[in-house]
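A quick write-up on the structure given underneath.
The values are calculated or read from the model by the stated rules, or taken from the named source; none is laboratory data. None of the values given here were measured: they were computed from a predicted structure. Using ideal geometry, Cβ is built from the backbone for each residue, glycine included, and neighbour counts are taken over all protein chains shown. Only protein heavy atoms, including side chains, enter the accessible area calculation; ligands, DNA and RNA are left aside. Shrake-Rupley method; radii C 1.70, N 1.55, O 1.52, S 1.80 Å.
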Amino acid sequence: MVRKAAAGMPACLIILALILVGAVLPGRGQEPAASPPTHASAGGRVWVVDQNNPRASDQGPGTADQPFKTIAPAAEQAEPGDTVLVHAGLYRERIAPARGGEPGRPITYTAAPGQRVVVSGAEVWQPAWAPVPGAPGVFRAPYSAQDWSAAGIPAGMDPYHLALLDAPVKAGQKNVRARPASGARMLPTCGQVFVDGRPLTQVVAPPNLYATPGTWMVNAAGTAIEVHFPPGGHRPEDYRLELAIRPYVFAPIHRGLGFIHVRGFTFEANAAPLPYSQVAAVSTRSGHDWVIAHNTVRYAATYGIECGSEGWNNWIYTLPQEQRLIFARNNVVRDNIVLDSGLTGITGWNHRGAQIIGNIVEGSDRLGLHLAGEDAAIKLLGVTDCLVEGNLLINNNTRGIWFDNGYDNCRITRNLIVNNKTCGVMIELGTKGKPVLIDNNIIVGTRLDTQGNGDGVYCHDASDIIVTHNLIMSNARLGVFMHTITNRRIGQNGPLVETSHIRILDNLILMNGLGEVCLPAPYARSQDVICDYNRYFAAHWPMGVRLDLAFRISAEGPLGGKTQPPHLPADLVELWPLARSRTPLALERWQQLMHQDEHSGVSDPGRQASFCAPTATFQFEADPALLSAPCQPVEGVDTDYFGKPLPAHPLPGPFQDLQAGTNTLNLWPLARAAQAPGAPTRPAQSRPAAPASAPGPQPAPAEKHG
């Protein structure tokens, strides 16, 4: 059996995935598809902002003839049903709505149709520069702690003295000071430095600064900023230098406001800590019934868009009377482009009813803080009734989608997840609720991270999961990997986490680096796990690399010890050495030992599957066995990736119009699935019953936990 190297996916797929971006992404520097012109609700007023109008004044009436100069006075005065209409320009301010709207009468903030409106969290900085002796291209400018309170920053919270990491897990500290630095080790700060509109890379050691153009740092005393300018021979004064200073670019002062719509802007360049405060460039601040649509959010310091209840550490930017948990609900984030976020593109904690639809997220974890533990293109925590649908998540330096610490009755569907790192979809820490449904997604080309992870669908300490009708292809490690790795509990006094009540059904799982599926054997913390009716595809890459199938058993529970435990149940004795050695199993052996995939099949090894980069298409050669393969119906799944209704006898995978022979499918852009206004995100979901002919082995006796 020949397997591709564990260092990553085949070079041909890497090239294809990267070219795919240029073919399908609306493009860096371009705007999302324009939203329809927005008018004030019946009886509402239109407040006009136009910094380029010679009659503009913040003391004026905010009309078309006498508009405001900045957005702030409009945000202060807008009432339910009003619209704030902003004309073209670069606005260096925080938009902070003073109040929310009402049902049927939202307050709408919109860019004027066809005009480019940029709202920046940065200010131009023009200091006195001096060259650093012995370091060509490096210059130093004096800097002292600034009072940025006019920009919405509490006194004493200068972002170039505050540490980027707001809550070191071990110390439990808040608002850690990075400057002045004590000791030899320096921490990165919350700030960002931009040269001619591009962010430089922050470093914390002078040798790294001197060796690498395009970097910057705050010196140990906090009294100077040093910049190694990009090569080109220009004087520092010839560049446009900006310092990001505002923690938010669009966010209310008061938390919990509702019925606010935000459309058509470009938001950029904030300065914020991470990860637990969840201070984002655009934030609902525990709001409800927001619509954030058709915006571009780029170069966020940490998070791009936040649509939940904020983090538990976000009191430094919060009024004292509002320093409590306020639950977010029913927020919609759709048709945005989120580029190059420092940590995560779209996030939300502890909220209900969110819909994240039709967004493009690229370049997340720009700062390379992968081990911060909160990074993904889309990271949602403690969510209920949430829908993530039809997004393009591509070229992120981190996970595609990550649901963590609760995901009751949620759905991940019809997403194109390509060339990300660590895993395409990750589910962590949850059980005993309505399952999360992962269906009709395209998960291709996940790259290895520094820990050797690179899976299509990865789950740990998580139960109640349905994975169905997906294409999971050419991921560097495994197609689907589920296991239990800790002794955490659900809630303070709840049950131990498990990997139970799992369905992996009706998928196309093709050509993954180290194997197709890895699951635990049945034991007390892994019960009711069914993998079946999938179609596997052992094929040849164009370069002649042969990929045979492989399945693996997770080494955990009674199979996790370094030595074989005494009194091991008879049905696990043969599995123990295979799990410990991570031995790859052929499909027939997997079926025999694990009683999984008994109705699954393998397509003709001579058939091919590939991406066609110039046209952003997937080319797949379907054999007659695939077209007649059985499927297990799954409640709530009634359309395919393209939104077409499932036939009476559906095919495995996300495509229902496959024909015998070569099929060429355009994967992006993706048409919006029809949904009635106010319709629920998905039907209440239950797990499909186990096939009567494949009951699987009985679980081992329950373990005792002392």
Worksheet item: Is there a residue being hydrophobic (A, V, I, L, M, F, W, C), assigned to a strand (DSSP E or B), in contact (Cβ under 8 Å) with a residue 60 or more places away in the chain and under 20 Å from Leu593 (Cβ atoms) anywhere in the stretch 506-528?
Response: yes
Discussion item. Just to be sure I understand, how many residues within the stretch 75-108 are assigned to a loop (DSSP other than H, G, I, E, B) and either acidic (Asp, Glu) or free of Cβ contacts under 8 Å to residues at least 40 places away in the same chain (or both)?
Written reply: 6
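Residue-wise test of (1) open to solvent by less than 10 Å² (accessible area, probe 1.4 Å); (2) without any contact (Cβ under 8 Å) to a residue 12 or more places away in the chain; (3) more than 22 Å from Gln451 (Cα to Cα).
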position: Asn331; (1), (2), (3): yes, no, yes
position: Gly342; (1), (2), (3): yes, no, no
position: Ile357; (1), (2), (3): no, no, yes
position: Ala376; (1), (2), (3): yes, no, no
position: Leu381; (1), (2), (3): no, no, yes
position: Glu389; (1), (2), (3): no, no, yes
Worksheet item: If you go through the stretch 462-477 one residue at a time, do you hit one that is under 16 Å from Arg503 (Cα atoms), open to solvent by less than 10 Å² (accessible area, probe 1.4 Å) and small (Gly, Ala, Ser)?
Response: yes
Discussion item. Condition (residue is among the charged types (D, E, K, R), out of contact with any helix residue (DSSP H, G or I) (no Cβ under 6 Å at 6 or more places or on another chain), assigned to a strand (DSSP E or B) and open to solvent by 70 Å² or more (accessible area, probe 1.4 Å)) applied to the stretch 109-125: is it met by at least one residue?
Written reply: no
Worksheet item: Before we move on, is Pro168 modelled with pLDDT under 90 and either surrounded by 19 or more Cβ atoms within 10 Å (Cβ to Cβ) or out of contact with any Asp or Glu (no Cβ under 6 Å at 6 or more places or on another chain) (or both)?
Response: yes
Practice prompt. Test Asp365 against the stated conditions and say whether it is surrounded by fewer than 24 Cβ atoms within 10 Å (Cβ to Cβ) and of a type in the set (D, E, K, R).
Written response: no
Discussion item. Please verify whether Cys518 is closer than 30 Å to Phe655 by Cβ, open to solvent by less than 30 Å² (accessible area, probe 1.4 Å) and touching a Phe, Trp or Tyr at 6+ places or on another chain (Cβ under 6 Å), treating the condition exactly as stated.
Written reply: yes
Worksheet item: If Asn419 satisfies every condition in (1) open to solvent by less than 10 Å² (accessible area, probe 1.4 Å); (2) at negative phi but one, which is the exception?
Response: (2)
Worksheet item: Among (1) within 20 Å of Gly342 (Cα to Cα); (2) more than 28 Å from the chain's Cα centre (by Cα); (3) at pLDDT 95 or above, which single condition is Met186 missing?
Response: (3)
Worksheet item: within 15 Å of Val262 (Cα to Cα) and in contact (Cβ under 8 Å) with a residue 40 or more places away in the chain: does that describe Val46?
Response: no
Discussion item. Let me spell it out: the conditions are (1) within 16 Å of the chain's Cα centre (by Cα); (2) outside any loop (DSSP other than H, G, I, E, B), and Glu374 meets all of them except one. Which number is the exception?
Written reply: (2)
Item to complete: Considering every residue within the stretch 558-569, establish whether at least one is within 31 Å of the chain's Cα centre (by Cα) and modelled with pLDDT of 85 or more.
Response: no
Worksheet entry | Residue selected from the stretch 432-461 under the condition of a type in the set (Ser, Thr, Tyr) and buried (at least 24 other Cβ atoms within 10 Å of the Cβ), by the criterion farthest from Glu516 (Cα to Cα) | Thr446
Discussion item. Of the conditions (1) part of a strand (DSSP E or B); (2) at positive phi, Asp365 satisfies every one except a single condition; which number is it?
Written reply: (1)
Practice prompt. Find the residue count for the stretch 84-97, including only residues that are surrounded by fewer than 22 Cβ atoms within 10 Å (Cβ to Cβ) and more than 21 Å from Ile245 (Cα to Cα).
Written response: 2
Item to complete: Look at the stretch 377-397 and say how many of its residues are over 28 Å from Ser526 (Cα atoms) and either of a type in the set (A, V, I, L, M) or not in a strand (DSSP E or B) (or both).
Response: 9
